[in-house]
Amino acid sequence: MATTESRPYRTPAATSVQARLEFVDPAFGDEDIANVWSPGDDIALRGTAILSDQFWIETGIDKGEDVRLVAVATCAPARIRWRADSRFEVSDEGWTAFVDLTATGSDLAVSLSADLWVVGPGRTGSPDPANAVHESAKLWQLATPLTLSLERDDADFPTSALSFSQTGRRAVPWAVETVPDAEPHWSISSSIRLFVNTDMEACHPIVEGTAAASTYAAIETDVHMSVLRLLGSWRNVVDGAALTAFAEEDFRCLAALGLGITTSLGLTIDEGCRLAMEDPLALTNRSREALNFLEEQGSR
């Protein structure tokens, strides 16, 4: 019996498709992929699926019609999606399909999610021949997409190197980006990230840790502003005492990072958030002063 779904065409029961999606390179087994994957390396996936006889009955599709197995991989932070497909063909095992997909390493950052779909001509049941078939309908998909975290828990400040031109970002050497709805108790890695632009030569020394001290001071100034503005957006709901409590409870949370920043600037957390929201230039100057910005180059 076909499953009941909020789709305008007939779909198969979940058990009518036997599918498997696996990561084939790098091979990591039971180990965390972040321990074996290196930034810049490709990640290869393989999907396989077999359609049961019930699939054709439940969907109303004739055997041999163009039904495809689609593999989709998405890197949300990089704003990139990869897709590959393969047509189901009859074999000794039944109607089977195999699909290989490679996520380009230079575009990967933070996490990767992957899914399998079965796509084909969905039967709508409409008496009008022009509306009887929903072309390329998503008939089935994995119950839960696979998701990989590409970061180690012991990593430094969340940083990713990727092409800004390919991901719709401005042509600048770096950008500090925050999750707009991140809450003070969220982890740092879930709330804020430094992206470094691989389109520019400046990327390499920044990532390798060999850039000028003034470069890192400029980046840290941007981090100060981003963190305190994010926390400042909560100041009508969460006061300084509550932020301090969050920080004391978990030193890896966003509030703890903000408290560390304001302490280094000689400010209270309340005052730091206020400056970020009301007088950002004053906060920037305070950060530059505390970080000895351009000191090694002397005054201009």
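The values are calculated or read from the model by the stated rules, or taken from the named source; none is laboratory data. Keep in mind that what you see is a predicted model, and the values were worked out from it rather than measured. So basically every Cβ, Gly included, is an ideal-geometry build from the backbone, and we count neighbours across all protein chains shown.
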The stretch 45-90, subset of a type in the set (A, V, I, L, M) and surrounded by fewer than 18 Cβ atoms within 10 Å (Cβ to Cβ), residue farthest from SER136 (Cα to Cα): ALA76
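Quick check on SER190: is it in contact with a helix residue (DSSP H, G or I) (Cβ under 7 Å, 6 or more places away or on another chain), in the same structural domain as ILE261 (by TED's automatic domain parsing) and surrounded by fewer than 17 Cβ atoms within 10 Å (Cβ to Cβ)?
Judged against the criteria, SER190 is not a match.
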Top-ranked residue in the stretch 58-78 [being touching a helix residue (DSSP H, G or I) at 6+ places or on another chain (Cβ under 9 Å) and under 17 Å from LEU150 (Cβ atoms); ranked as modelled with the highest pLDDT]: CYS75
Test set (1) over 25 Å from ALA44 (Cβ atoms); (2) touching a helix residue (DSSP H, G or I) at 6+ places or on another chain (Cβ under 8 Å) - LEU148 fails condition number: (1)
ASP250 being modelled with pLDDT under 95 and either of a type in the set (Lys, Arg) or within 20 Å of PRO184 (Cβ to Cβ) (or both): yes
Residue selected from the stretch 198-216 under the condition surrounded by 15 or more Cβ atoms within 10 Å (Cβ to Cβ) and touching a residue at least 60 places away in the same chain (Cβ under 8 Å), by the criterion farthest from ARG288 (Cα to Cα): THR198
THR147 among the hydroxyl-bearing types (Ser, Thr, Tyr) and in contact (Cβ under 8 Å) with a residue 40 or more places away in the chain: no
Wholly within the stretch 43-116, strands (runs of 3 or more DSSP E) carrying at least 2 residues that are over 30 Å from SER189 (Cβ atoms) and either among the β-branched types (Val, Ile, Thr) or in contact (Cβ under 8 Å) with a residue 24 or more places away in the chain (or both): 43-51, 68-75, 94-103
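Does VAL118 count as in contact with a Phe, Trp or Tyr (Cβ under 9 Å, 6 or more places away or on another chain), at pLDDT 90 or above and not polar (S, T, N, Q)?
So VAL118 fits the description; yes.
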Top-ranked residue of the stretch 12-42 - restricted to ones that are at pLDDT 90 or above and not in a strand (DSSP E or B), ranked as nearest to the chain's Cα centre (by Cα): ALA14
Criterion violated by GLU135 - all others in (1) surrounded by 12 or more Cβ atoms within 10 Å (Cβ to Cβ); (2) in the same structural domain as LEU108 (by TED's automatic domain parsing) satisfied: (1)
